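Enquirer: Okay, handing you the structure first.
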Ligand code: F6P
């Protein structure tokens, strides 16, 4: 039976019609309801009381989760079954942060020892580089790292690195070191990444699961030329290392296979932060103990998602309310609003995790989905976002939002004479905005402010705009690992409910194929073969304009 014909689905459709008469302003007056929609676990408080929902909604969503076999599907994922059906692969990013004594099998073979073998190699390598025991070709310490990669081989590591940069313990561990990322094939990005760097002190980490991605390979060759030009060809061995599942291509590129850190086909690119993809650059910059705390944070959420009852399960609740908002209430987008500047690269990472995973049009069996799946994710740290797109959130379209805040700042400050700390000032907004979105301001309330009648409609806030609040202790390595895993599992939960494959990404292929065709045309045209062939009139005209 298809899920949409199940009693659970039909009940939710009917329930969504009832919800049309509710207003969050009223729902928020019910303390019992608010308590029922607030969950604390693993040092995190999740407040769903500003979702357009009642405890009954939660019951119905739980029924839907059971009807979709969510617990069994999560268990199959974390148990190593080949749930990525279109690619015949297991989906085991959780094994990347499993404890050394865990036993997680793919086709009967425990993968955990291999994971810890690579982690051990990274630990020794990074420690040797940081301690100045492994030097560059001229005998100088390798103080700077350029990590070259794109998509999943870039966004997650950059998010985590930026989140930790201002954590005092991490900053101390990174003193005197620099970590840069190079992703875009735009040559401007090369210039920015290499700015002020000295090749003698630079270690380049080429990160690519396939080691064939056009952008990464051209950037890797560009930076290799930079090293060779300054230090000679023989320097590549001391200045370039790789992270990949394609160790043959790594060797062909000229990187010493002993300096290649592998991972496995059961790690999807966008789920690879906890593999060597993220662990190597992060260990080089912050040291291995920091990475261990980050992995422990992610592991705590893996344990939680696997063991907590659905109703108290943080990623499950995030995912279920995502389905409620997008599929049943019809809100296609979602704003990610961390009230923490250190998380300024969180939204770009989750954009890939979520949209590349669930931006699908067919179900796992290839049947067209009878609803629009996937959410449009975007975001910006508060309070910057408030001065940018919140106007639309308050008075334009309804966009459910995730507010993420911390009890303590990485960098506490207080101006003498100011009544609260700078962090309290930030967090005042974290508490105010969800209520402003939920409760709004009625025409009567506006009129009572003695405002010219013609301005009243402009000043009305309809409210009834749902949001979720996540409150954590402080943005440290452990919390960043937790956030990462929370949102990875949130996406998986939604994909399981929607019955699609969250672990392939065939929609990125067509553009790549066409770009290869354009490259061939540009090469021919640059050689002087001036006829542009095989493109539609619009593209032909634009290519002519470009080539001049
Ligand atoms: O954009 C498509 C994609 O395949 C992503 O899924 C992946 O994270 C990225 O390209 C980079 O791939 P690779 O790690 O193989 O270079």
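Read the figures in this text as sums done on the coordinates, not as results from a lab. Predicted model only: the values in this text are computed from it and were never measured. Note that we place each Cβ from the backbone using ideal geometry, even for glycine, and neighbour counts take in every protein chain shown.
Enquirer: Would you compute, from DSSP H runs of 4+ residues alone, the mean residue ellipticity of the chain at 222 nm, taking -39500 (n - 2.57) per run and dividing by the full residue count, rounded to the nearest 500?
Expert: So the calculated ellipticity at 222 nm is -13500 deg cm²/dmol.
Enquirer: Roughly speaking, what is the centre-to-centre gap between the range 52-80 and the range 122-196 when only Cα atoms are used, to the nearest Å?
Expert: 40 Å
Enquirer: Additional query: Give the relative contact order (percent, whole number) for the range 111-286; include only Cα pairs under 8 Å separated by 6+ residues.
Expert: 31 percent.
Enquirer: Share of antiparallel DSSP beta bridges in the range 111-286, in percent to the nearest 5?
Expert: Bridges in the range 111-286 that DSSP calls antiparallel: roughly 5 percent.
Enquirer: Only Cα pairs under 8 Å and at least 6 apart count here; give the relative contact order of the chain as a rounded whole percent.
Expert: After rounding, I find 18 percent.
Enquirer: How would the range 111-286 be classified by its alpha-carbon gyration tensor: rounded, prolate or oblate, with rounded meaning a/c under 1.5 and the a/b versus b/c comparison settling the rest?
Expert: Since a/c stays below 1.5, the shape of the range 111-286 is classed as rounded.
Enquirer: What order, most packed first, do the peptides 452-462, 281-291 have when packing is the mean number of other Cβ atoms within 10 Å of each residue?
Expert: 281-291, 452-462
Enquirer: Still on this structure, I have one more. What list do you get for 150, 404 if you sort them by fewest beta carbons within 10 Å?
Expert: If I rank by nearby Cβ atoms, fewest first, I get 150, 404.
Enquirer: Among 148, 364, 451, 350, rank each residue by its count of other Cβ atoms within 10 Å, from fewest to most, as a rough exposure measure.
Expert: Lowest count first: 451, 364, 350, 148.
Enquirer: Here is a follow-up. Would you mind calculating the relative contact order of the range 190-303 from Cα pairs under 8 angstrom and at least 6 residues apart, reporting the percent as a whole number?
Expert: Here the relative contact order equals 21 percent.
Enquirer: Would you mind telling me the antiparallel percentage of the DSSP bridges in the chain, rounded to 5?
Expert: Roughly 30 percent of the DSSP beta bridges within the chain come out antiparallel.
Enquirer: Just want the ordering: 112, 508, from fewest to most Cβ atoms lying within 10 Å of their own Cβ.
Expert: Result, fewest neighbours first: 508, 112.
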